[in-house]
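Read through the structure below, which is laid out as structure tokens, and then see the notes.
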Amino acid sequence: MAVITPEEADAITSIERVCSVFSLLGCLFVLATFAFSSAFRNRSINRLVFLATFGNMLTNVATLMTRSYILNVNSFGCQLQSFLIQVFMQSDAYWALAMAINVYLTFYHKYDARMLRRMEIPYFILCYGIPFIPGFTFIFVHTESAGRPYGNAVLWCWLKSEWEIFRIATFYGPVWVAIIIATSIYIRAGQDIYRKRRKMLNFSGSNNGTVTNAEPYNPINGFTSAFKTTEVVQTTEIITVPRPVADPTNQTSTTAAPVKDANVSYSVTISATQNDSRDSLDAGSETPTTTIQEHRLSRPSGPTTTVIQTSVAPHLHTMHARRRHYELNNAAYAYTKCAILFFSVLLITWIPSSGNRVYSLIHNGDVSKPLFFASAFVLPLQGFWNAIIYVVTSWSACKQLGDTISGAFGGGRGTISEITTSISRHRDTRPTGGKWGKTQESTSMEDLTSSRSQLEHVSPV
């Protein structure tokens, strides 16, 4: 077991409590904004952060106790602190894995927001249920040689050094499995995004709107399997063709020249059907099918034949491709920021303590003082890191919330009830120019992984 001086013990206690306070403040921000503003509730990632926040708060209850009960290991306080740390501290990594699974399900299995919401109950059961089983069991375990599992772990009450193997098997091992799976998902999704981005760069550099030097499309990716043409210029002409008129002199039929009937008007709707052919995404093979729906608004007298002529402006293909190229650049940049943030938070949280465990196994129970203090600093901050992710992935909602609060104070409405009412009416309004239009850059992971987002439609038209 590590031996620390009284000064080091006091420093550890101060670090743990200060970091726990910051984490609790982050948790309170998540709970308040999620409860009072619907703009924060319309993204699945925010709902997962919200559900993870309860575990973060219970973890901070334990870390605020710090070293208060390590000298009385059989007390209720020590056993409670050990149980909370064993169950809820590691559950944070499982919630990070759940967020990555949402990315996978939406990218590769076309899950929409309603389907993702159905996954939240299984996530809740698994993220808290898996660590609960060993955590609760340890309370009742006792052996002659090692005693009770929960006891003095230097930083706080947790699994004692005599139970080191169970620290790895029931805590650090599952945590790193979750981290590795989540990282693999982000890497694979990122590769697909940048592969599509490279194809669009080749397409935008072509003069005739054809992909040049593009790699063949792999059906396994399934990333841009469908799209619709939405920008169509149509020219509609209503022509009335009279019945043939018999000529009595030569017994032949003549047809008068077609004339336009001003009394006839039509509403014509043109929509492109979904292209399900994976091979059609290769260069030059794109031929979407167009459906024309005709609705007569007024009927002229007498029978007529209606001819509808529709044409598509060719230059719109290139314009549409450039727009998608711009949107894809924004999407790739935003996805990169979010993925790096998720990855960095996981590493910052778990590398110091995991490294300390490895060091302890190699050096017969001794600990590394730098890793020891780093663990005391980063582990209580889980709620703070989740609040940072929550803010980054809903940055537009946070800005609008700030404007709402500023307007409430600046407009002379300074009472708590008026401010609360103003916040509760807050909505997340996006610009109509698309999720990644020039007026706003999306940083929502759900926006980046939505099956109906622009990332699903990056192939050239």
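The values are calculated or read from the model by the stated rules, or taken from the named source; none is laboratory data. These numbers were taken from a predicted model, which means no experiment stands behind them. Cβ placement follows ideal geometry from the backbone for every residue including glycine, while neighbour counts extend to all protein chains displayed. Just so you know, the surface numbers come from the protein's heavy atoms only, side chains and all, with ligands and any DNA or RNA stripped out. Shrake-Rupley method; radii C 1.70, N 1.55, O 1.52, S 1.80 Å.
For region 1-110, the fraction of 1.4 Å probe accessible surface lying on carbon and sulfur atoms is 72 percent.
Show me the ranking of peptides 102-110, 55-63, 141-149, 31-39 by mean Cβ neighbours inside 10 Å, starting with the highest. Mind dumping the intermediate values first?
Numbers: 102-110: 19.8, 55-63: 23.7, 141-149: 13.1, 31-39: 17.8.
Packing order, densest peptide first, comes out as 55-63, 102-110, 31-39, 141-149.
Shape class for region 43-126, computed from the alpha carbon gyration tensor (a ≥ b ≥ c): prolate, with a/c not under 1.5 and a/b above b/c.
Here the label points at LEU31 and ILE121, each 7 Å from Cα along the C-beta direction, are separated by 2.4 nm in the simple model. Placing a pseudo-label 7 Å from each Cα along the Cα-to-Cβ vector at HIS363 and GLU8 gives an inter-label distance of 0.9 nm.
With R₀ fixed at 41 Å, the C-beta to C-beta distance from ALA146 to SER184 puts the FRET efficiency at about 0.70. Between LEU159 and GLY151, the built amide H atoms are under 5 Å apart, and every one of these is 5 or more places off in sequence or on another chain. By the Kirkwood approach, averaging reciprocal distances over each pair of separate Cα atoms, region 79-141 gets a hydrodynamic radius of 12.9 Å.
With the contact rule set at Cα under 8 Å and sequence spacing of 6 or more, what percent relative contact order holds for region 11-164? Please report the intermediate quantities before stating the final value.
Working: 174 pairs, mean separation 41.7, N = 154.
Relative contact order here is 27 percent.
If you plug the beta carbon distance of ALA113 and SER75 into 1/(1 + (r/R0)^6) with R0 = 51 Å, you get a FRET efficiency near 0.65.
Heavy atoms only, probe 1.4 Å: what % of the accessible area of region 144-202 goes to carbon and sulfur, would you let me know? Intermediate values should be presented prior to the final figure.
Numbers: 1540 of 2460 Å².
Roughly 63 percent, rounded to a whole number.
The Cα trace of region 1-63 gives Rg and Dmax of 16.1, 50 Å, the first to one decimal, the second as a whole number. Under 17 Å from a point 7 Å along the Cα-to-Cβ line of SER38: which residues of region 378-397 have their amide N that close? Zone members listed by number: 397. Computed over protein heavy atoms with a 1.4 Å probe, the accessible surface of region 53-194 works out to 43 Å² per residue.
Each residue, GLU162 and ILE351, gets one label point 7 Å from its Cα in the Cβ direction; the gap between the two is 3.5 nm.
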